[in-house]
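Dumping the structure here so I can ask a few things about it.
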Amino acid sequence: MSEKKKFSLEQYLRNLFKGVLDSIAKALNKVGVMPNMVTIAGLLGNILAGVLIGFGHLFWGGLVALVVGPLDALDGALARLRNESKPYGSFIDSVTDRYDELILLGGLMVYFALGENWLGCIVTYFAASGSVLVSYIRAKAEALGYDAKVGIMTRVERYLVLIPGLLLGEPYLQIALGIIALLGNISALQRFFHVRKQARSSERNSKQN
């Protein structure tokens, strides 16, 4: 019996907006825009957002992050259109995704530190650690041949919680960060135990054979 396919919000959104993304990708391709240029534009946009957030301009930082967020999907659509979907391109995309998220959370850390809001700093730290662990566990698991595509708070869900928090400001922002910190670390544990279950199953099968 085949394993039931897991629902992925990220994949669902990519499929939902595929027509729009493909149309934009075609227009960009006609004027010579390369996939890595889109990736770098997204990174620069998030740096700007992080700086704005750090200086207390939460709404404008959130708005910039919201605008550049779709570039993460657009660079992939452009790469597929140009038949340039290669492992190294995927590697660059994954690395910049981590930077994008940590830059925004770093901006929040500065914002809370300047305001001497140490609780906000602590919550932001746990939000950042959860996001890093979720990504690292999947990368390490897949490198060892395991599946780790589980968890209730992946990158897309984290953005869907963080951006409204930035746009609405205090106290919604700290609530959003608390949700990310809690569910992000729970997701990391979900992936850890999911991999452990596969490892133990593999060990039992090896002993039986």
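Read-outs: derived from the displayed coordinates by stated rules, not from any lab. Since the structure is predicted, the reported quantities are computational estimates derived from the model, not experimental observations. Cβ atoms come from the backbone with ideal geometry, glycine included; neighbour counts cover every protein chain shown.
Once the dipole of the chain is set up with Lys and Arg at +1 and Asp and Glu at -1 on Cβ about the Cα centre, which of PHE192, ALA77, GLY106 lies farthest towards its positive end?
The listed residue farthest towards the positive side: PHE192.
Let me ask another. Zone of VAL95 (label point 7 Å along Cα→Cβ, backbone N under 20 Å): which residues in region 37-64?
Those under the cut-off are 37-48.
For ASN117, project a label point 7 Å along Cα to C-beta. Then give me every residue of region 169-184 with its amide nitrogen under 14 Å of that point.
169-179
Report the charge-dipole magnitude of region 9-200 in Debye, nearest 20, computed about the Cα centre from +1 at each Lys and Arg Cβ and -1 at each Asp and Glu Cβ.
720
What is region 87-209's relative contact order, in percent, from Cα pairs under 8 angstrom and six or more apart in sequence?
Contact order relative to length: 28 percent.
Another one. Which order do the peptides 178-187, 152-161, 191-200 come out in when sorted by mean C-beta neighbours inside 10 angstrom, highest first?
178-187, 152-161, 191-200
Continuing with this model, one more query. Which entries of LYS30/LYS149; LYS86/LYS140; LYS26/LYS140; LYS149/LYS207; LYS26/LYS86 show an alpha-carbon separation above 25 angstrom in the structure shown?
Result: LYS30/LYS149; LYS26/LYS140; LYS149/LYS207 exceed 25 Å.
Choose one of PRO171, THR154, GLY42: the residue whose Cα lies farthest towards the positive end of the charge dipole of region 9-200 (beta-carbon charges +1 Lys, Arg; -1 Asp, Glu; about the Cα centre).
Result: THR154.
Right, here's the next one. Using helices alone, I'd like the mean residue ellipticity at 222 nm for the chain: each DSSP H run of four-plus residues gives -39500 (n - 2.57), total over residue count, nearest 500.
-27500 deg cm²/dmol
Hydropathy at least 0.5 by Kyte-Doolittle, axial extent at least 30 angstrom from the Cα trace: which helices of the chain, defined as entire DSSP H runs, fit?
Span-like helices, by this rule, are 87-114, 118-143.
Could you work out the equivalent-ellipsoid semi-axes for the chain, taking the square root of 5 times each eigenvalue of the Cα gyration tensor, largest first, in whole Å?
30, 26, 14
Taking a ≥ b ≥ c as the square roots of the eigenvalues of the Cα gyration tensor of region 138-195, is the shape rounded (a/c under 1.5), prolate (a/b larger than b/c) or oblate?
Since a/c reaches 1.5 and a/b is larger than b/c, the shape of region 138-195 is classed as prolate.
Hey, with R₀ at 41 Å, roughly what FRET efficiency would ARG82 and ALA199 work out to, going by the Cβ-Cβ distance, to 0.05?
That pair, ARG82 with ALA199, gives E of 0.60.
Measure out, as a whole number of angstrom, how far apart the alpha-carbon centroids of region 140-196 and region 37-63 sit.
Cα centres, region 140-196 to region 37-63: 20 Å.
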